[in-house]
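The structure appears below as structure tokens.
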Amino acid sequence: PGMAGRFQHRNAATAQATLLALRQAGFTIDDRAVAAGLQEARLPGRAELVQAGPRVLLDGAHNPQKMEALAMSFAT
């Protein structure tokens, strides 16, 4: 995915599972549109780099689960 943060891979996997379910239900969804959507998706305030030097990252983690996921993004 184009968005920063390790947790975005889980979100992308959820989107892919939804895509498969929609296709099985008869929806036609273009693979190029899916790839572009995953790459180009942006959510301001979600692991958003607002300054490069010194590095400043903005994230509106709003509950314990989101805060934990954000902290895990900084783990080595």
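The values are calculated or read from the model by the stated rules, or taken from the named source; none is laboratory data. In this text, all values refer to a predicted model and were calculated from it rather than measured experimentally. So basically every Cβ, Gly included, is an ideal-geometry build from the backbone, and we count neighbours across all protein chains shown. Calculation scope for accessible area: heavy atoms of the full protein, side chains included, ligands and nucleic acids excluded. Shrake-Rupley method; radii C 1.70, N 1.55, O 1.52, S 1.80 Å.
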* Structure fact -> Mean accessible area per residue over the chain (1.4 angstrom probe, all protein chains present, square angstrom) is 75 Å²
* Give, as a single signed number, the net charge of other residues whose beta carbon lies under 14 Å from the beta carbon of Asp59, with Lys and Arg counted +1 and Asp and Glu -1. => +3
* Structure fact -> Compactness check, the chain: C-alpha Rg relative to the 2.2 N^0.38 Å globular estimate gives 1.31
* Structure fact -> With only helices counted (DSSP H, runs n ≥ 4, each -39500 (n - 2.57)), the per-residue ellipticity at 222 nm for the chain, to the nearest 500, works out to -16500 deg cm²/dmol
* What range in the chain is the longest one free of trypsin sites (Lys or Arg not before Pro) that are in a loop by DSSP and have at most 14 other Cβ atoms within 10 angstrom? -> 7-41
* Using θ = phi - 60° and Karplus 6.51 cos²θ - 1.76 cosθ + 1.60, couplings along region 60-68 (whole Hz; Gly, Pro as x) -> x, 3, 10, 8, x, 5, 5, 5, 5
